[in-house]
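Visitor: Please find one structure pasted underneath; my questions will follow.
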C-alpha cells in the first residue's frame with residue numbers, strides 16, 4: 001500500500017511536501033507498516049480518501065478523519081493522514097489518467113498536499129495534517145478539483161440558495177438552475193501570486209478547454225465562488241481597479257451570510273488566523289483593509305457569487 005522507503009522521497013517531492021518533513025515521513029514508514037493496528041487505521045484512512053467506504057449516513061469526512069487520526073500512536077500525530085494520502089496517490093493518478101488529465105495538471109493539483117502541510121506547520125508549529133485539512137484534500141485525490149493556472153475548479157452541485165439566486169437573475173441560465181445541477185466552484189489559492197485579471201483570464205480559458213475535453217458528459221450551469229474575497233465591504237477600502245475588486249466584478253451576487261469569518265480573512269492575508277488584531281501590519285492595501293476594518297469593530301463575511309458558465 002505504501003511505496004518502498006527508497007521510492008518514498010521522490011514521491012514526496014512530487015507532492016511538494018516540505019523538505020523538513022520528508023525525513024520524518026520516511027522514518028515513520030516502518031512504524032506504520034510494522035504495526036497491524038496502525039496498518040488497519042491507514043487502510044481506513046486511505047479508503048476514506050478514495051471514497052471506497054464513504055457511506056451516505058455515516059459521519060462526515062472531517063469527523064471520520066479526526067477519529068482515525070486520534071486512534072494512531074502519539075508518534076504519528078498528524079503524519080498518519082500524510083501517509084494515507086501517499087497510499088491513495090496511485091488511485092488519484094489512475095483517475096486522472098482515465099480522464100486523460102495532463103501530467104502537469106495532475107502534478108500541480110496533487111501538490112496541494114505539500115502546501116497544506118506547510119500551512120499546518122506554520123499554524124501549529126509541527127508537521128502533519130489536521131482532520132479539517134484532510135477533508136479538504138479529499139477533493140483533489142478523488143478527481144473533483146483541479147488546479148488550472150491561478151485558480152482551482154471544483155466539480156460541484158448547486159446549493160439551494162445559490163440556485164434560487166441564479167433563477168431570480170434577469171439574465172443567465174434562469175429557469176434551468178435547480179439545486180443539485182452541476183456547477184464549477186472556484187477556489188483562490190494564496191500561493192499563486194497576484195490575483196491579476198490577466199492571470200484569471202488565462203485560468204478561465206484553461207478551464208473552458210479542460211472540462212469539455214475531460215468531462216464531456218457534464219454540463220455546468222454556472223461558475224460559483226464562496227469566499228471572503230467576495231465580501232462587498234472590501235470595495236470601501238480598495239481602489240476600483242484593484243485586483244480583488246476586479247475579481248469581484250466577474251460575479252453576480254448570490255446569497256448573503258451573517259456569520260463572520262474574521263479568522264479566515266486574517267489567515268489568508270497574514271498567514272495565521274489568531275494574530276492579535278491590534279498588531280496586524282499595514283504594509284499593503286489589503287492588509288490595511290483587513291486590519292483597519294477589524295480594528296474599527298467590523299467583521300468580514302463570506303461573499304457568494306456566480307456567473308454563467310460557457311464552455
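The values are calculated or read from the model by the stated rules, or taken from the named source; none is laboratory data. Since this is a predicted model, take the numbers as computed values, not measurements. Every residue, glycine among them, receives a Cβ derived from its backbone with ideal geometry; neighbour counts consider all protein chains shown.
Visitor: In segment 265-284, what count of residues is obtained for those that are touching a residue at least 24 places away in the same chain (Cβ under 8 Å), surrounded by fewer than 16 Cβ atoms within 10 Å (Cβ to Cβ) and farther than 19 Å from residue 192 by Cβ?
Guide: 2
Visitor: Quick test of your reading of the structure: residue 127 fulfils all but one of (1) in a loop (DSSP other than H, G, I, E, B); (2) closer than 25 Å to residue 309 by Cα. Name the failing condition by number.
Guide: (2)
Visitor: Only one of (1) surrounded by 14 or more Cβ atoms within 10 Å (Cβ to Cβ); (2) closer than 19 Å to residue 136 by Cβ; (3) out of contact with any helix residue (DSSP H, G or I) (no Cβ under 6 Å at 6 or more places or on another chain) is not met by residue 35, so which one is it?
Guide: All conditions are met except number (2).
Condition check ((1) in contact with a helix residue (DSSP H, G or I) (Cβ under 7 Å, 6 or more places away or on another chain); (2) without any contact (Cβ under 8 Å) to a residue 60 or more places away in the chain; (3) at positive phi) across all residues:
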{"site": "47", "(1), (2), (3)": "no, yes, no"}
{"site": "50", "(1), (2), (3)": "yes, no, no"}
{"site": "63", "(1), (2), (3)": "no, no, no"}
{"site": "72", "(1), (2), (3)": "yes, yes, no"}
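Visitor: Please state which one of 133, 152 is in a strand (DSSP E or B), buried (at least 20 other Cβ atoms within 10 Å of the Cβ) and on the phi < 0 side of the Ramachandran plot. Please lay out each step first, then the result.
Guide: Values: 133 fails: in a strand (DSSP E or B).
Only one candidate passes the filter, namely 152.
Visitor: In the set 137, 110, 89, 145, which member is touching a strand residue (DSSP E or B) at 6+ places or on another chain (Cβ under 7 Å) and either under 19 Å from residue 72 (Cα atoms) or in contact (Cβ under 8 Å) with a residue 24 or more places away in the chain (or both)? Steps first, please.
Guide: Values: 137 fails: touching a strand residue (DSSP E or B) at 6+ places or on another chain (Cβ under 7 Å); 110 fails: touching a strand residue (DSSP E or B) at 6+ places or on another chain (Cβ under 7 Å); 89 fails: touching a strand residue (DSSP E or B) at 6+ places or on another chain (Cβ under 7 Å).
Unique residue meeting the criteria: 145.
Visitor: Among the helices (runs of 4 or more DSSP H) confined wholly to segment 231-311, which include 2 or more residues that are farther than 19 Å from residue 186 by Cβ?
Guide: Numbers: elements: 243-248, 262-270, 285-295.
Correct list: 262-270, 285-295.
Visitor: Now for a separate question. What number goes with the only condition from (1) in contact with a helix residue (DSSP H, G or I) (Cβ under 8 Å, 6 or more places away or on another chain); (2) at pLDDT 95 or above; (3) under 24 Å from residue 267 (Cα atoms) that residue 89 does not pass?
Guide: All conditions are met except number (3).
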